[in-house]
Structures are given as C-alpha cells and as structure tokens.
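Let me begin by presenting the structure, written as structure tokens, before commenting on it.
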Amino acid sequence: MFAKHCLIVFLVSMVPLIELRGAIPYGMAFGLPLWLTYLIAIVGNMLPVPFIYLFARRILEWGHDKPYIGKFFQFCLKKGQHGGEKLQTKAGRGLYWALMLFVGIPLPGTGAWTGTLAASLLKMDFKKSVWACMGGVLLAGCIMGALSQIGVAAFGTIGG
C-alpha cells in the first residue's frame, strides 16, 4: 500500500491544474511522511516542465488553424500571451521573481504548467524559467505541506 500511495502522489503531481497542490494533501491524508510526500511531489511536478517549455508553444502554433482543435489552441495562445505580457509589464526586471511567485501561489490556474507555458510563449530564457518554476514549486510545496499538516492534525489520516 505504501508504494501505491507514493506512485499516486507522483502521478497526481504531474496532472495539470492539480499538480502538487493535490498530491501533497493526498499523500498526507494517506499517512505518508511529509518529507517523502514533498520530495515525490516536487519531482513529479517538475518532470513535465522542460517538455512544456520546449514543445507546448510549438504544438499550440501547429494546431491553431486545425479543424476541431483550432479554436481551443487559439484561445490557449491568446490567453497565455495576454497573461504573460501582463505579467511582464507589471514585473519589469523582476520577471523571473514574478514567475516564481506566480507558480508558488497554490491557487487554481497557477502552477508549473501555466507558468512554464507563459514563459514559453514569452520566449523567456529556458534555464532561468526552469529555475523560477522550481522555486515556485518548492514554495507551493511548503505551503501545501504546512496546510496538509494542519489538516492531518485536525482530522487525522484516512488510512489504508
């Protein structure tokens, strides 16, 4: 059972929108140690980041004029470009710090997937973007770990 829950934490942390924001509470609820849950969730959350940066923009640009998927891909491109430009305007020279904070705030629509897509659409530096996302993922993991600890202390583990 222990290995099964570790695998689920790893896989859930790779899912867009859920990421480690769902993986850490899951691991804690099923009795995994916080340090192990945190490490597994960080690795799972960061694994897709280079692939998102390198391929997401290309895939969206390729599919923007295709039937059935074109409108959705156009929406993603426009939304990502608009959000990225807005972030860039507000952040100025602190763009990578802003990216880190954007990824690190555990709210729906923020996270490594969205942050990396924005960095890719803005053609930000690959290495700096990955480091900013890593910092954000570590921050989000600390926040979710603390909140999960409080939840486990208040309600206990699910077991099993």
Qualifying positions in the stretch 11-25 - hydrophobic (A, V, I, L, M, F, W, C), surrounded by fewer than 19 Cβ atoms within 10 Å (Cβ to Cβ) and part of a helix (DSSP H, G or I): L11
Selection count where residues are under 15 Å from S120 (Cβ atoms) and in contact with a Gly (Cβ under 6 Å, 6 or more places away or on another chain), scope the stretch 60-76: 2
Unmet requirement for I150, which otherwise passes all of (1) under 30 Å from G31 (Cβ atoms); (2) open to solvent by 90 Å² or more (accessible area, probe 1.4 Å); (3) under 20 Å from the mean Cα position of the chain (by Cα): (3)
The stretch 61-94: number of residues that are of a type outside the set (K, R) and either closer than 22 Å to K128 by Cα or touching a Ser or Thr at 6+ places or on another chain (Cβ under 9 Å) (or both): 13
Residues of the stretch 26-40 satisfying the condition of being more than 21 Å from M134 (Cβ to Cβ) and in a helix (DSSP H, G or I): Y26, M28, A29
Selection within the stretch 46-58 - surrounded by 17 or more Cβ atoms within 10 Å (Cβ to Cβ) and of a type outside the set (S, T, Y): M46, P48, V49, I52, A56, R57
V43 vs. criteria open to solvent by less than 50 Å² (accessible area, probe 1.4 Å), under 15 Å from the mean Cα position of the chain (by Cα) and within 25 Å of A132 (Cβ to Cβ): no
Any hit, the stretch 105-116, residues being surrounded by fewer than 20 Cβ atoms within 10 Å (Cβ to Cβ), out of contact with any Phe, Trp or Tyr (no Cβ under 6 Å at 6 or more places or on another chain) and among the hydrophobic types (A, V, I, L, M, F, W, C): yes
So A56, is it within 20 Å of the chain's Cα centre (by Cα), modelled with pLDDT of 90 or more and at negative phi: no
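The values are calculated or read from the model by the stated rules, or taken from the named source; none is laboratory data. If you're wondering where the values come from, they're calculated on a predicted model, not measured in any experiment. Every residue, glycine as well, gets a Cβ built from its backbone with ideal geometry; the counts of neighbours run over all protein chains shown. The area values use the complete protein model at the heavy-atom level, side chains included, leaving out ligands, DNA and RNA. Shrake-Rupley method; radii C 1.70, N 1.55, O 1.52, S 1.80 Å.
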